[in-house]
Amino acid sequence: MENKDLIKKGMLGTGMFVASEASENIITNDIDELKELETMGLNHIPDTKQKANPNVVIHRAETRGHANHGWLDSHHTFSFANYYNPERMHFGVLRVLNDDRVDAGMGFGTHPHDNMEIISIPLEGNLEHKDSMGNVAVIKRGDIQAMSAGTGIFHSEYNQSKTEPTKFLQIWVFPNKKNVTPRYDQISLNVDDRHNRLQQILSPNADDEGVWIHQNAWFHLGKFDQNIETNYTIKAKGNGVYAFLLSGSMMIDGHEINTRDGIGIWDTDQIHITATSPDAEVLLMEVPMTIS
């Protein structure tokens with residue numbers, strides 16, 4: 001494959017490039033990241049087996065796609081790479097939710113993206129980032145990183161540690177504006193501010209709390225003591241909420257959710273959350289249910 005063809009394929013969001021820290025070159029392109037969306041998948045895909053709760057979909061941790069590449073151990077909530085499930089393409093504009101563990105000194109070599117909002121949330125360890133806009137940064141637990149790929153960017157991500165693995169969430173959201181100027185955003189938050197409350201980490205507004213993206217979406221993180229209850233009110237009419245449990249267990253709108261389970265709820269104005277274990281930590285992602 002000629003280099004220009006390789007770049008074109010990657011810019012369309014269909015290539016994953018793998019490299020060790022010693023190399024900044026594109027090494028391989030043998031894994032398709034994103035499959036074409038089926039016509040049926042232009043909005044959310046309800047779980048038709050749950051007749052009593054037509055506006056709820058539950059994805060148990062053990063049902064996620066899984067790929068172990070040695071240096072990378074990744075679980076995919078939605079179809080990604082070699083995991084393809086036509087009923088698990090996305091939740092509204094939430095397209096990718098990958099739960100990644102990267103070995104020491106390893107990472108994703110320089111690769112391109114376009115027209116996607118990409119959010120990284122470190123859970124353990126440090127992740128080094130470099131991109132074609134000249135940004136060089138290290139993100140760690142408590143940091144939130146967002147990139148608007150827009151007309152196209154190249155970037156790489158590596159585990160900065162020589163001895164310890166790093167874990168992070170890689171999240172992709174379809175934008176509401178295409179071909180925007182690429183941009184990079186990173187903030188550091190006080191993790192204590194999410195104790196027994198929901199801490200906003202992302203919004204559509206650059207002047208609001210957290211990072212911002214080109215989409216009418218709001219993300220929150222919260223870590224709760226056992227039996228603590230809270231409500232989340234939908235901010236934009238027509239949006240749904242996808243909750244991903246990082247640790248512990250919770251009751252979310254009457255559904256028992258455990259570590260690494262996900263639950264999507266739509267056609268509602270508010271969801272109710274009760275922590276049923278100590279140190280229950282959740283990521284709430286409110287997103288539009290229709291892809292514009």
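State whether one or more residues within the range 224-239 are at pLDDT below 95, surrounded by fewer than 22 Cβ atoms within 10 Å (Cβ to Cβ) and acidic (Asp, Glu).
No, the range 224-239 contains no residue that is at pLDDT below 95, surrounded by fewer than 22 Cβ atoms within 10 Å (Cβ to Cβ) and acidic (Asp, Glu).
Among the residues that make up the range 269-292, is at least one of them surrounded by 15 or more Cβ atoms within 10 Å (Cβ to Cβ) and touching a Pro at 6+ places or on another chain (Cβ under 9 Å)?
No, because not a single residue in the range 269-292 is surrounded by 15 or more Cβ atoms within 10 Å (Cβ to Cβ) and touching a Pro at 6+ places or on another chain (Cβ under 9 Å).
Can you find, within the range 59-90, the residue that is surrounded by the most Cβ atoms within 10 Å (Cβ to Cβ) among those that are under 26 Å from Gly105 (Cβ atoms) and of a type in the set (A, V, I, L, M)?
Here the residue is Leu72.
Residues Lys130, Lys162, Lys167: which one is modelled with pLDDT under 95, among the basic types (Lys, Arg) and assigned to a strand (DSSP E or B)? Outline the logic, then answer.
Values: Lys162 fails: assigned to a strand (DSSP E or B); Lys167 fails: modelled with pLDDT under 95.
So the residue among Lys130, Lys162, Lys167 that is modelled with pLDDT under 95, among the basic types (Lys, Arg) and assigned to a strand (DSSP E or B) is Lys130.
Assess whether Thr290 counts as being of a type outside the set (A, V, I, L, M) and at pLDDT below 95. It would help to see each step written out before you state the result.
Numbers: of a type outside the set (A, V, I, L, M): yes; at pLDDT below 95: yes.
Here the answer is yes, as Thr290 does meet what is asked.
Any idea which residue in the range 249-265 is nearest to the chain's Cα centre (by Cα), counting only those that are part of a strand (DSSP E or B) and surrounded by fewer than 21 Cβ atoms within 10 Å (Cβ to Cβ)? Steps first, answer last, please.
To start, the set of residues in the range 249-265 that are part of a strand (DSSP E or B) comprises 249-252, 255-258, 262-265.
Okay, now just the ones that are also surrounded by fewer than 21 Cβ atoms within 10 Å (Cβ to Cβ), so 249, 251, 255-256, 258.
Working: Ser249: 20, Met251: 22, His255: 22, Glu256: 22, Asn258: 18 Å.
The selected residue is Asn258.
If I filter the range 280-288 for residues that are outside any strand (DSSP E or B) and either on the phi > 0 side of the Ramachandran plot or not charged (D, E, K, R) (or both), do I get at least one hit? Give the derivation first.
We begin by selecting, within the range 280-288, every residue outside any strand (DSSP E or B); these are none.
No: the range 280-288 contains no residue that is outside any strand (DSSP E or B) and either on the phi > 0 side of the Ramachandran plot or not charged (D, E, K, R) (or both).
Just one of Pro54, Pro112 is part of a loop (DSSP other than H, G, I, E, B) and over 22 Å from Thr163 (Cα atoms); which is it? Before the answer, list the steps.
On the way: Pro112 fails: part of a loop (DSSP other than H, G, I, E, B).
Answer to the selection: Pro54.
Identify the residue in the range 170-183 that is at pLDDT 95 or above and part of a strand (DSSP E or B) and, among all such residues, is nearest to Gln215 (Cα to Cα).
Filtering first and then ranking leaves Val173.
What are the pairs, 6+ residues apart or on separate chains, where a residue within the range 40-68 that is of a type in the set (Asp, Glu) has its Cβ under 9 Å from a residue that is assigned to a strand (DSSP E or B) and at pLDDT 50 or above?
Listed pairs, sorted by first residue: Asp47/Val56; Asp47/Val57; Asp47/Ile58; Asp47/His59; Asp47/Gly264.
Give me the residue from the range 91-114 that is modelled with pLDDT of 95 or more and not aliphatic (A, V, I, L, M) and, out of that set, nearest to the chain's Cα centre (by Cα).
Of everything passing the filter in the range 91-114, Asn98 is nearest to the chain's Cα centre (by Cα).
May I ask you to verify whether Ala137 is buried (at least 16 other Cβ atoms within 10 Å of the Cβ) and either within 18 Å of Ile201 (Cα to Cα) or not aromatic (Phe, Trp, Tyr) (or both)? Talk me through it step by step, then tell me what you get.
On the way: buried (at least 16 other Cβ atoms within 10 Å of the Cβ): no; either within 18 Å of Ile201 (Cα to Cα) or not aromatic (Phe, Trp, Tyr) (or both): yes.
So Ala137 fails the test.
The values are calculated or read from the model by the stated rules, or taken from the named source; none is laboratory data. Small disclaimer: the values here were computed from a predicted structure and weren't measured. Don't worry about glycine lacking a Cβ; one is built from the backbone with ideal geometry, like all the others, and counts go over all protein chains shown.
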